[in-house]
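Only one structure is covered here, and it is reproduced in the block below.
The values are calculated or read from the model by the stated rules, or taken from the named source; none is laboratory data. Small disclaimer: the values here were computed from a predicted structure and weren't measured. A quick note on method: Cβ atoms are made from the backbone with ideal geometry, for glycine too, and the neighbour counts reach across all protein chains shown. With ligands, DNA and RNA removed, areas are computed over all heavy atoms of the protein, side chains included. Shrake-Rupley method; radii C 1.70, N 1.55, O 1.52, S 1.80 Å.
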Amino acid sequence: MGKFSLFLALLQIVDLLLHAATGQLEPLRVTSNLIILLWLVLGAFGKLKTRRAALLATGSYLALNLLFLALNGVTNPAQGGELRITLFVLVALSTVLAGFLAYRIKD
């Protein structure tokens, strides 16, 4: 697993741990993290190493997070109505990294 893949996997794990630590295990967000992790693990074992798989995983990740925002809003009532800055940062970093990894795949 390359350094970009490893960093992307660590981002997903940190995101999952943050959900658990704050008691906010949202199924859509957790599922999106697991999709990226599954894609990275299968890719490390030589499976799903196509650009199509990378784009499908990335698109699914992004779609689930956008659906979460559509259903729950861009602010977090549990934090006094503050913007979900952590979500935006983690999703942006994850999407950019996954897109970069997809771009580097030679089909």
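Between the Cα long axis of helix 27-44 and the first principal axis of the chain there is an angle of about 20°, rounded to the nearest 10.
For Lys49 and Ala92, the difference between the fully extended length at 0.36 nm per residue and the C-alpha to C-alpha distance is 13.2 nm.
Averaging the sequence gap over all C-alpha pairs within less than 8 Å and six or more residues apart, then dividing by the number of residues, gives the chain a relative contact order of 34 percent. With a/c under 1.5 counting as rounded, go ahead and sort the stretch 55-104 into rounded, prolate or oblate using the C-alpha gyration tensor (a ≥ b ≥ c being the square roots of the eigenvalues; past the cut-off, prolate if a/b is larger than b/c, else oblate). It comes out oblate by the Cα gyration axes.
Computed from Cα atoms, the angle from the helix 85-104 axis to the main principal axis of the chain rounds to 10 degrees. Take the chain with all the other protein chains still there, run a 1.4 Å probe, and you get 60 Å² of accessible area per residue. With a ≥ b ≥ c the root eigenvalues of the C-alpha gyration tensor of the stretch 14-79, is it rounded (a/c under 1.5), prolate (a/b larger than b/c) or oblate? Oblate, because a/c is 1.5 or more while a/b does not exceed b/c.
Taking label points 7 Å from Cα along the Cα-to-Cβ direction, Phe100 and Lys3 give a separation of 1.0 nm.
Here the chain exposes an accessible surface that is 72 percent carbon and sulfur, computed with a 1.4 Å probe and the other protein chains kept in place.
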